[in-house]
Amino acid sequence: MRRPLIAGNWKMNLGHADALRLADGIFAGIDVPPDRDCAIFPPFTSLQAIAEKLRSSPIKVGGQNCHPDAEGAFTGEIACSMLKAAGASMVILGHSERRHLLGETDAFVNRKVKAALAARLKPILCVGETLAERDAGRTADVVLGQVRRGLDGVATDAMRDVVLAYEPVWAIGTGKTATPAQAQDVHAAIRGELALLFGKPVAEDTLILYGGSVKPSNVDGLMAMPDVDGALVGGASLDEADFHRIVWFETPEG
Ligand code: PGA
């Protein structure tokens, strides 16, 4: 049984005071339904304070990135152990903004996935195609390649701590969401690839989130798809009411 996860990626938004205000609002206002999980990913500068605030809540806290090395001369980077010590239990890896704006490669993302698992941080491995790649009919190729290379060398039993996120680059922050059918197609292909790599039981148990302009108005349709197990929410996670509605998504089965 896959337990849905709604994850709020705050990206490089909110100074400390605003971040604390939003976390307070989420803490006070969002009762997470018992059949699902919720996590937020604030900027590093607010992570520890927010993790402390949310310690007695069901809402988990995670980092937006990590470096694969344990320590050393990596100016501006953050180690998995530092995230853990700050109260994080998860980490977003391979986000397309890092792949495309900062040049992160699959090989580098793969090292981070393994470092996060070794540190007992649950990685959310993000994959997704650009519009040009989709238009060229290369979606499956690109996305499944990212899955294979991102998970290279990950042990089958470590997969219980891995979450995948399909985030079509053309849908991130653009207001253009993949239709539920488009998302379902790619999610099913990812699950098929996981079955080839790790076996069917692992594939059936692995969460695959959808991300890219998820909003209150489209979350229910996306979550109704059999292979969409949750959402990685950017912009709408900065609005308490919108995020609340997304956490409270409704599917036809209830
Ligand atoms: P968005 O971002 O919801 O603002 O499109 C999603 C993400 O990048 O994780």
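Taking the stated definitions as given, is LEU232 under 24 Å from ASP18 (Cβ atoms), within 11 Å of the ligand (Cβ to nearest atom) and surrounded by fewer than 20 Cβ atoms within 10 Å (Cβ to Cβ)? No, not satisfied.
Screening ILE50 on (1) touching a strand residue (DSSP E or B) at 6+ places or on another chain (Cβ under 7 Å); (2) surrounded by fewer than 18 Cβ atoms within 10 Å (Cβ to Cβ) shows it passes everything except condition (2). Just for segment 5-36: of the residues that are assigned to a loop (DSSP other than H, G, I, E, B) and within 16 Å of the ligand (Cβ to nearest atom), which one is surrounded by the most Cβ atoms within 10 Å (Cβ to Cβ)? By that ranking, first place goes to TRP10. Put simply, of ALA73, ALA116 the only residue that is more than 16 Å from the ligand (Cβ to nearest atom), of a type outside the set (D, E, K, R), at negative phi and crowded, with 17+ Cβ neighbours inside 10 Å is ALA116.
For every residue, the table says whether it meets (1) away from the ligand (no atom under 16 Å from the Cβ); (2) among the β-branched types (Val, Ile, Thr); (3) without any contact (Cβ under 8 Å) to a residue 60 or more places away in the chain; (4) within 27 Å of GLY221 (Cα to Cα).
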residue: ARG148; (1), (2), (3), (4): yes, no, yes, no
residue: THR156; (1), (2), (3), (4): yes, yes, yes, no
residue: ARG160; (1), (2), (3), (4): yes, no, yes, yes
residue: LEU164; (1), (2), (3), (4): no, no, yes, yes
residue: VAL169; (1), (2), (3), (4): no, yes, no, yes
residue: ALA178; (1), (2), (3), (4): no, no, yes, yes
residue: ALA183; (1), (2), (3), (4): no, no, yes, yes
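For segment 185-208, the criterion of being free of Cβ contacts under 8 Å to residues at least 24 places away in the same chain and either crowded, with 21+ Cβ neighbours inside 10 Å or under 30 Å from PRO42 (Cβ atoms) (or both) is met by no residue.
Which residue is surrounded by the most Cβ atoms within 10 Å (Cβ to Cβ), if the candidates are limited to segment 209-229 and must be at negative phi and in contact with a Lys or Arg (Cβ under 8 Å, 6 or more places away or on another chain)? I'd like the intermediate steps shown before the answer.
Of segment 209-229, the ones at negative phi are 209-211, 214-229.
Filter once more, so that each one left must be in contact with a Lys or Arg (Cβ under 8 Å, 6 or more places away or on another chain): 216, 219, 227, 229.
Numbers: PRO216: 16, VAL219: 26, ASP227: 19, ASP229: 22.
Filtering first and then ranking leaves VAL219.
The residues of segment 4-43 that are charged (D, E, K, R), at negative phi and touching a residue at least 12 places away in the same chain (Cβ under 8 Å), listed by number, are ASP24, ASP35, ARG36, ASP37. Might you check whether a residue that is of a type in the set (A, V, I, L, M), modelled with pLDDT of 95 or more and within 17 Å of ASP185 (Cα to Cα) occurs anywhere in segment 227-245? Within segment 227-245, one or more residues are of a type in the set (A, V, I, L, M), modelled with pLDDT of 95 or more and within 17 Å of ASP185 (Cα to Cα).
If the condition is being within 12 Å of the ligand (Cβ to nearest atom) and closer than 23 Å to ASP161 by Cβ, then segment 235-254 contributes only SER237.
Checking the structure you have, find out if any residue of segment 194-207 is within 13 Å of the ligand (Cβ to nearest atom) and not charged (D, E, K, R). Scanning segment 194-207, I find no residue that is within 13 Å of the ligand (Cβ to nearest atom) and not charged (D, E, K, R), so the answer is no. Please verify whether segment 144-160 includes one or more residues that are among the hydroxyl-bearing types (Ser, Thr, Tyr), surrounded by fewer than 18 Cβ atoms within 10 Å (Cβ to Cβ) and within 21 Å of ARG3 (Cβ to Cβ). Yes. Just a yes or no: is a residue in segment 172-184 surrounded by 15 or more Cβ atoms within 10 Å (Cβ to Cβ) and farther than 16 Å from VAL228 by Cα? Taking every residue of segment 172-184 in turn, at least one turns out to be surrounded by 15 or more Cβ atoms within 10 Å (Cβ to Cβ) and farther than 16 Å from VAL228 by Cα. Of the helices (runs of 4 or more DSSP H) that lie entirely inside segment 43-136, those containing 2 or more residues that are within 20 Å of LEU151 (Cα to Cα) span 96-101, 106-118.
The values are calculated or read from the model by the stated rules, or taken from the named source; none is laboratory data. Given the structure is predicted, the values throughout are model-derived calculations rather than measurements. Here the Cβ is made from the backbone with ideal geometry for all residues, glycine too, and neighbour counts use every protein chain on show.
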